[in-house]
1. Decide, for the stretch 112-154, between rounded, prolate and oblate: order the square roots of the alpha carbon gyration tensor eigenvalues as a ≥ b ≥ c, take rounded if a/c falls under 1.5, and otherwise choose prolate if a/b is larger than b/c, else oblate.
2. Show the residues, 5+ positions off or on another chain, whose built amide H is closer than 5 Å to the amide H of ARG60.
3. Given a cut-off of under 8 Å on Cα pairs at least six residues apart, what relative contact order in percent is computed for the chain?
4. Please tell me the relative contact order of the stretch 22-122 in percent, rounded to the nearest whole number, where contacts are Cα pairs under 8 Å and at least six residues apart.
5. Cα gyration tensor of the stretch 1-85, axes a ≥ b ≥ c as square roots of the eigenvalues: rounded (a/c below 1.5), prolate (a/b > b/c) or oblate?
6. Distance in nm between label sites at GLU125 and ASP168, each 7 Å beyond Cα in the beta-carbon direction?
7. Mean separation of Cα pairs under 8 Å and 6+ residues apart, divided by the residue count of the stretch 76-132: what relative contact order is that in percent?
8. Please give the charge dipole size of the stretch 42-110, origin at the Cα centre, charges +1 on K and R Cβ atoms and -1 on D and E Cβ atoms. Round to the nearest 20 debye.
Amino acid sequence: MPSEPTEVQVRTGAEGDLGALTDIYNHYVRETPITFDTAVFTPEERRPWLLSHPEDGPYRLMVATATDPTGTSQRILGYATSSPFRAKPAYATSVEVTVYLAPDAGGRGIGTLLYKALFEALAAEDLHRAYAGIAQPNEASRRLHERFGFRHVGTYEEVGRKFGRYWDVAWYEKAL
């Protein structure tokens, strides 16, 4: 029997999400060149990352959840973040953004919901630009970013090595 459609909700990330968020990220570490991390993380190792995204300010964590058809539990489908672009003070009005979805959550508009919520949350912040680095090839990510007004500004060729080969990273920017 097919399951009932679930309503996706987007909210600010919380401490209790850490295990599920780590599982999602570790999928990309193990299986894809989308992140250039090469070793999986424990939730405790990811805790500083989680804590660097408070409920307010320019560095946010938005989480997409769906309630199961029985209404008894919620599943995390993905997350979007804004993080410091670079550590030097003059970069303070720029952020790097990203989206990660559970492996079976793509193609359902969840990335769009996450970015919509993230950019709405960032609208009141003193930010000037958002940047996204997209390991190539990644057509779905390119389309998502262009949908939100990002434009391609350059490509670092063979900048990362993972799975025994070199990967390019295309950089996109958006005015905020």
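The values are calculated or read from the model by the stated rules, or taken from the named source; none is laboratory data. Since the model is a prediction, treat every value here as computed from it, not as a measurement. Reconstructed Cβ throughout: ideal geometry from the backbone, glycine too, with neighbour counts over all protein chains shown. Only protein heavy atoms, including side chains, enter the accessible area calculation; ligands, DNA and RNA are left aside. Shrake-Rupley method; radii C 1.70, N 1.55, O 1.52, S 1.80 Å.
1. Values: a/c = 2.70, a/b = 1.58, b/c = 1.71.
Note, shape of the stretch 112-154 comes out oblate.
2. Counting only residues 5 or more places away or on other chains, the set is SER82.
3. Values: 312 pairs, mean separation 33.7, N = 176.
With pairs under 8 Å counted, the relative contact order is 19 percent.
4. Values: 143 pairs, mean separation 22.9, N = 101.
Once divided by the residue count of the stretch 22-122, the mean separation gives 23 percent.
5. Numbers: a/c = 2.10, a/b = 1.39, b/c = 1.51.
Oblate, since a/c reaches 1.5 and b/c is not below a/b.
6. 3.0 nm
7. Working: 76 pairs, mean separation 24.0, N = 57.
Value for the stretch 76-132: 42 percent.
8. Working: 7 positive and 7 negative charges, 41 e Å.
Dipole size: approximately 200 debye.
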